[in-house]
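Scroll down for the structure; my scribbles are underneath it.
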Amino acid sequence: MKPIFADDAAIKRATKLLQQGRLVAFPTETVYGLGADASNPAAINRIFKAKGRPTDHPLIVHILNMESLNDWALNVPESAKKLAAHFWPGPLALVLNKKPDVPFEVTGGQNTIALRIPDHPVALELLRAFDGGIAAPSANRFCRISPTLASHVEEELGDSVDMILDGGACGVGVESTIVDLSGDTPRLLRPGHITQQQIEAVLQKKIIVVDNSKPSKQSNNSEVRVPGMMALHYAPETIAVLCPGELLTNIIRTLNIQNKKIGLLAYQFNPSENRRMHLLCMPEQSDDYAKTLYTSLRDLDSQQLDIILIEQPPQTEAWKAINDRLFKATINYSGQ
């Protein structure tokens, strides 16, 4: 499916497709989403089929305004109203208790639902024209690199999507922060562009940060499931390894001896040996790095390499979302 520039005519056509239960990919400020009518179970199931995504994985529902919270969530708490008023439209998804009539297909069988207002003119115009909630996970195959350009969606999903709205490059580049407000204490379930400190400043209290870097092998039905929690996620087809910068010289030398074709996503490291290497130098500011991360990974993944090395960025709060995505997209260097 070829992307179509998101003008008024395209928005009108996309709206009709959504009303018919079809799939429309569209840009948000984070990544491109694969959208369907969130109130239509058959349409939601088409998302899972197109992505190859397990049906027990919940979807984020995109809404147009704060008033729409009451259409989907039961007993919206004050904490949700505060965060929504401060950060919406924006890259923050709030997990709330769902209303009884919300389809379990969109919540992965849970009694909670994730909601957000996207900060992108095309997404907002589509929501305005559709006049309803749009369920939209990232428009890529399950666990693979998220799309930040319309062309990425075309490459990933082809004709399994009925329309791709082209709204240019995504401005943030990594998925939204997810905060669970369904219980007594707010919990940060997925890091994103909006940080823990920013959320705590608005709520005026500490929140629990859930460590999902080592997912439990045992299922816990009391835990709220949200997107992006798989041990392997956002991953290229090529083996990717996350490495400390000080180890890269020796790793590259060893791989060169083995005649391996290497890709390197470098943060500050400047290799002296670049034989058989495809090098991409990344920005040193976290926001700029995030904008180019998925496009850069896709570039390296297309080069028919034996391995992709990724230099570990700083492990600070500003880089938390990026490190989360890199950790899940790679295997850690074992030193062997």
Open item on the list: List pairs: first residue in segment 311-324 and in a helix (DSSP H, G or I), second residue small (Gly, Ala, Ser) anywhere in the structure, Cβ distance under 6 angstrom, at least six positions apart or on different chains.
Closed with: Ala318/Ser286; Trp319/Ser286; Ala321/Gly192; Ile322/Ala290
Open item on the list: Can you find a residue that is in a strand (DSSP E or B), outside the structural domain of Asn323 (by TED's automatic domain parsing) and at pLDDT below 95 anywhere in segment 219-231?
Closed with: no
- [ ] Evaluate the following for Glu78: is it without any contact (Cβ under 8 Å) to a residue 40 or more places away in the chain and under 23 Å from Thr195 (Cβ atoms)?
- [x] yes
Task: Those residues of segment 1-30 which are among the hydrophobic types (A, V, I, L, M, F, W, C) and free of Cβ contacts under 8 Å to residues at least 60 places away in the same chain, in sequence order - done: Ala9
Open item on the list: Which residue is surrounded by the fewest Cβ atoms within 10 Å (Cβ to Cβ), if the candidates are limited to segment 55-73 and must be free of Cβ contacts under 8 Å to residues at least 60 places away in the same chain and among the polar types (S, T, N, Q)?
Closed with: Asn70
Task: Residues within segment 265-310 that are among the hydrophobic types (A, V, I, L, M, F, W, C) and either farther than 20 Å from Gly173 by Cβ or not in a strand (DSSP E or B) (or both), tallied - done: 11
Open item on the list: Any residue at all in segment 128-136 that's within 28 Å of Ala318 (Cβ to Cβ), in contact with an Asp or Glu (Cβ under 7 Å, 6 or more places away or on another chain) and either surrounded by fewer than 24 Cβ atoms within 10 Å (Cβ to Cβ) or among the basic types (Lys, Arg) (or both)?
Closed with: no
Open item on the list: Looking only at segment 306-326, how many residues end up being surrounded by 20 or more Cβ atoms within 10 Å (Cβ to Cβ), hydrophobic (A, V, I, L, M, F, W, C) and over 17 Å from Phe269 (Cβ atoms)?
Closed with: 1
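Just checking, how many residues over segment 195-211 are assigned to a loop (DSSP other than H, G, I, E, B) and under 25 Å from Leu74 (Cβ atoms)?
4
Condition test on Leu74, is it farther than 21 Å from Gly168 by Cβ, touching a Ser or Thr at 6+ places or on another chain (Cβ under 8 Å) and of a type outside the set (Lys, Arg)?
Values: farther than 21 Å from Gly168 by Cβ: yes; touching a Ser or Thr at 6+ places or on another chain (Cβ under 8 Å): no; of a type outside the set (Lys, Arg): yes.
When the stated conditions are applied, Leu74 does not pass them.
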TODO: Out of the residues in segment 163-194 that are in a strand (DSSP E or B) and over 26 Å from Leu17 (Cβ atoms), state the one that is farthest from the chain's Cα centre (by Cα).
DONE: Arg187
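The values are calculated or read from the model by the stated rules, or taken from the named source; none is laboratory data. Just so it is clear, the structure is predicted and the values come from calculations on it, not from any experiment. Heads up, the Cβs are rebuilt from the backbone with ideal geometry, glycines too, and the neighbour counts pull from every protein chain shown.
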